[in-house]
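Colleague: So that we are looking at the same thing, I have put the structure below in structure tokens.
The values are calculated or read from the model by the stated rules, or taken from the named source; none is laboratory data. No experiment lies behind these values; they were computed from the predicted model shown. Cβ placement follows ideal geometry from the backbone for every residue including glycine, while neighbour counts extend to all protein chains displayed. Each accessible area value is taken on the protein alone, full model and side chains, heavy atoms only, with ligands, DNA and RNA left out. Shrake-Rupley method; radii C 1.70, N 1.55, O 1.52, S 1.80 Å.
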Amino acid sequence: MALVGIGLILLHRFTGWWAAWVFPLFIVTTVVWAVWLRQNWRRSKPDYRAIARQIEEENPRLHSLLLTAVEQQPLTATGGLNYLQQRVIHEALDHNRNRPWGTRIFERTFFAQCGHWLALIVFAGVLLGLRIATPAGRGHFMARGEGVSVTPGDTSIERGSGLVVLARFEGKLPAEATLVIKPVNENERRVPLAKNLDDPVFGGSVPEVNSSLSYRVEYGARQTREFTVTVFEYPKLERADAKLTFPEYTGLPEKTIADTRRISAVEGSALDYTFFLNKPVATAKLMAKDKSAVSLAADTNHANIYHVKFAIEQNRQYELELVDDAGRTNKIPPQFVIEALKNRAPDLKFAFPRGDQRLSALEEIAFQAEASDDFGLKEYGLAYAMAGQETKFVPLGANSGPNEKRAFNHLLPLEELSAQPDQLLTYFLWADDIGPDGKLRRTSGDMYFAEIRPFEEIFREGPSMAGGQQQGGQQGGGQMQKLAQLQKQIINATWTLQRGKTPVPTATPR
């Protein structure tokens, strides 16, 4: 009954519910139960054999002596015990005097009595608490049963939001009602409650609640109990700072970007993101669209700061998900965009000549070209080869700056190559830079052709009588052109497959 009384007190404290009949019913129930228990106890008889058996189990040295003594019954004829029965009983008593076997039973009864007295003391305290909570007491525990109910009662609201308090009265309405607010570590404030027409409800509001507080409603000479309002905050991102460490080959220094949610950096850059939250959270992670997650690590010195580090390898989009200890999540997860910029291949183009050429074996080719790269070139130049011969790479410059355009020229005498008519000269531009893996990368430009023509070419119309011979010559020349064109197509196709895979020569001929 003491536990039941404690439950009633807690119910009244947290819900405000109470009624005048609760205390009398509690007293009557306690008395009825106590009388019923006492009557059952008086009618019950102890099981001596069970007690003896328990003592025998705890004292094996008795060897069933006590159990035998308990089982002895008086003789029917005399109404007493015979000699042997008395002897068994005396031996059991002598054994107890020499080696007491009833000590543990006495300990149990002693602790049982202590428990009973403790329960009685708690019960008396509960009676006093219930008495104070009744309408006849002097306490200020006003609740629904007394004719007034307060909404929202004990509650929890978001920091910065407003609080609306309504007091509904049953029966006769008071002339006025006042809301008394007591913020933590602040003085009380009183807000008059207004009544709306004939509705038996008084209402008032607090525009903004920024800290926990308690409140009550006073009306006439009475007042309700104290209600508590606790404030909470949804987890929220305050600021996100990014620190970028670029690959060594770029030559760029570390860069810190304050409060940003979009990052663009060359692939292979290391990103160190620092997130400043409004409060510590239970979990913080970046969620990608494919449901993969990147967990954030809490700062060892600041509970509301979290870090994440990873390499920028591809374009990604994330949402920041925050969950606090109460299971509340951030209302609007902020979006983060990570853009991985490609380490572009060098840009190579001819200014002159443009397109394929048809030259004699005694001419010279004056090459004019331009090369540039987003992070600078290590070396660049021209490559050429006669059909069937090894390609020669001619370095024409080195060590350009980022996005710096380098123009270069080269004069190639065909006579020095011992070029013969109908041969093909292939040529292209090349450049070396540092690739995304940090290793030297060679890029080759488009391949062009220079067809070696005879030194003297005569074109004249033949006589009509030689029409057959002229037609045969034209057919022969057309076949040669077709074969040359087919040869160019095959070389171009092979070059397209191999382009970008040309190894960097160990020795570059000049």
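Colleague: Once you put a point 7 Å from the Cα of residue 292 and another 7 Å from the Cα of residue 260, both along the Cβ direction, what distance in nm separates them?
Modeller: Distance between label points: 2.3 nm.
Colleague: Here is a further query. Apply the Karplus curve 6.51 cos²θ - 1.76 cosθ + 1.60, θ = phi - 60°, to the phi angles in the stretch 68-76 and return the couplings in whole Hz, x for Gly and Pro.
Modeller: Along the stretch 68-76, the couplings run 5, 5, 5, 6, 5, 10, x, 6, 5 Hz.
Colleague: For residue 379, list long-range residues whose amide hydrogen, built 1.01 Å from N in the peptide plane, is under 5 Å from its own amide hydrogen.
Modeller: Residues meeting the amide H criterion: 399, 432.
Colleague: Work out the length of the dipole vector of the stretch 196-256 about its Cα centre, built from +1 on the beta-carbon of each Lys and Arg and -1 on the beta-carbon of each Asp and Glu, and round it to the nearest 20 debye.
Modeller: On the way: 7 positive and 10 negative charges, 30 e Å.
Its charge dipole is roughly 140 debye.
Colleague: Continuing with this model, one more query. Could you tell me the relative contact order of the chain? Use alpha-carbon pairs under 8 Å, at least six residues apart, and round to a whole percent. Each step should come with its number before you reach the end.
Modeller: Numbers: 878 pairs, mean separation 41.5, N = 510.
Taking the mean separation of contacting Cα pairs over the length of the chain, I get 8 percent.
Colleague: At most 13 other Cβ atoms within 10 Å and a DSSP loop assignment: could you name the GluC sites (Glu not before Pro) in the stretch 339-420 that fit?
Modeller: Working: sites: 339, 363, 364, 370, 379, 390, 404, 415, 416; in loops: 363, 390, 404.
Filter output for the stretch 339-420: 390, 404.
Colleague: Could you work out how far apart the two model spin labels at residue 456 and residue 313 are, taking each label as a point 7 Å from the Cα in the direction of the beta carbon, and quote it in nm?
Modeller: Here the modelled spin labels are 6.8 nm apart.
Colleague: Follow-up. Output the relative contact order of the stretch 271-400, whole-number percent, from Cα pairs under 8 angstrom with separation of 6+ residues. Each step should come with its number before you reach the end.
Modeller: Working: 202 pairs, mean separation 21.9, N = 130.
Reported as a whole number, the value is 17 percent.
Colleague: Okay, moving on. Put +1 on the Cβ of each Lys and Arg and -1 on the Cβ of each Asp and Glu in the chain; which of 119, 301, 412 then has its Cα farthest toward the positive end of the dipole?
Modeller: Positive-end residue among those listed: 119.
Colleague: Quickly estimate the mean residue ellipticity at 222 nm for the chain, helices only: each DSSP H run with n ≥ 4 gives -39500 (n - 2.57), and the total goes over all residues, rounded to 500. Present the calculation step by step, with values, prior to reporting the outcome.
Modeller: On the way: 7 runs with 132 residues, N = 510.
Calculated mean residue ellipticity at 222 nm is -9000 deg cm²/dmol.
Colleague: Could you work out how far helix 48-58 tilts from the main Cα principal axis of the chain, as a 0 to 90 degree angle to the nearest 10?
Modeller: 50
Colleague: In a Debye calculation with equal point scatterers on the alpha-carbon sites of the stretch 199-298 and no solvent, what is log10 I(q)/I(0) at q = 0.23, 0.25 Å⁻¹?
Modeller: Debye curve over Cα of the stretch 199-298, log10 I(q)/I(0) at q = 0.23, 0.25 Å⁻¹: -1.30, -1.38.
Colleague: A further question on this structure: How much length is gained on full extension from residue 124 to residue 325, taking 0.36 nm per residue of separation minus their Cα-Cα distance?
Modeller: Working: separation 201, 0.36 × 201 = 72.36 nm, distance 3.98 nm.
Taking 0.36 nm per residue and subtracting the Cα distance, the gain is 68.4 nm.
Colleague: Let me ask you something else. Counting only protein heavy atoms and a 1.4 Å probe, tell me what percentage of the chain's accessible area is made up of carbon and sulfur. List each step's numbers first, then the result.
Modeller: Values: 17410 of 32070 Å².
Carbon plus sulfur share of accessible area: 54 percent.
Colleague: Taking a cut-off of 28 Å between Cα atoms, list the lysines near residue 342, but don't count ones fewer than 8 places away on the same chain.
Modeller: List returned: 243, 255, 285, 289, 291, 309, 378, 405, 439, 501.
Colleague: Follow-up question, since we're still on this one. Between residue 10 and residue 38, how many nm apart are label points set 7 Å from Cα along the C-beta direction?
Modeller: For the pair residue 10/residue 38, the computed spacing is 3.1 nm.
Colleague: With the dipole of the chain worked out from charges on the C-beta (+1 for Lys and Arg, -1 for Asp and Glu) around the Cα centre, which of 153, 430, 20 lies farthest toward the positive end?
Modeller: Of the options given, the answer is 20.
Colleague: Also, quick follow-up: So what's the gap between the Cα centers of the stretch 40-66 and the stretch 271-329, to the nearest angstrom?
Modeller: Here the two parts' Cα centres lie 68 Å apart.
Colleague: Distance from the Cα centre of the stretch 78-116 to that of the stretch 383-459, in angstrom?
Modeller: First find each Cα centre; the distance between them is then 119 Å.
Colleague: Also, quick follow-up: If you take all C-alpha pairs in the chain, what percent of them are over 32 Å apart?
Modeller: Details: 96208 of 129795 pairs.
Everything past 32 Å amounts to 74 percent.
Colleague: Per residue, how much accessible area does the stretch 151-270 have with a 1.4 Å probe, in Å²?
Modeller: 56
Colleague: For residue 17 and residue 357 in the same chain, what is the full-extension length gain: residue separation times 0.36 nm, less their Cα-Cα distance, in nm? Kindly include the intermediate steps, with their values, before the conclusion.
Modeller: Values: separation 340, 0.36 × 340 = 122.40 nm, distance 10.24 nm.
Using 0.36 nm per residue and subtracting the Cα-Cα distance, I get 112.2 nm.
Colleague: Going from the alpha-carbon gyration tensor of the stretch 335-454, what semi-axes, largest first and in whole Å, does one get by taking the root of 5 times each eigenvalue? Can you show the working numbers first?
Modeller: Details: eigenvalues 223, 34, 31 Å².
Sorted largest first and rounded, they come to 33, 13, 12 Å.
Colleague: Taking only the Cα atoms of the stretch 1-106, how large is their convex hull per residue, in Å³?
Modeller: Numbers: hull volume 15.8 nm³, N = 106.
It is 149 Å³ per residue.
Colleague: Stretched out fully, how many nm does the piece from residue 299 to residue 164 gain, at 0.36 nm a residue minus the Cα gap?
Modeller: 44.7 nm
Colleague: How about the stretch 166-232: which trypsin sites (Lys or Arg not before Pro) there lie in a loop by DSSP and see at most 11 other Cβ atoms within 10 Å? Mind showing how you got there, number by number?
Modeller: Details: sites: 168, 172, 189, 190, 195, 216, 222, 225; in loops: 172, 225.
For trypsin sites (Lys or Arg not before Pro) across the stretch 166-232 that sit outside H, G, I, E and B with at most 11 neighbouring Cβ atoms in 10 Å, the list reads 172.
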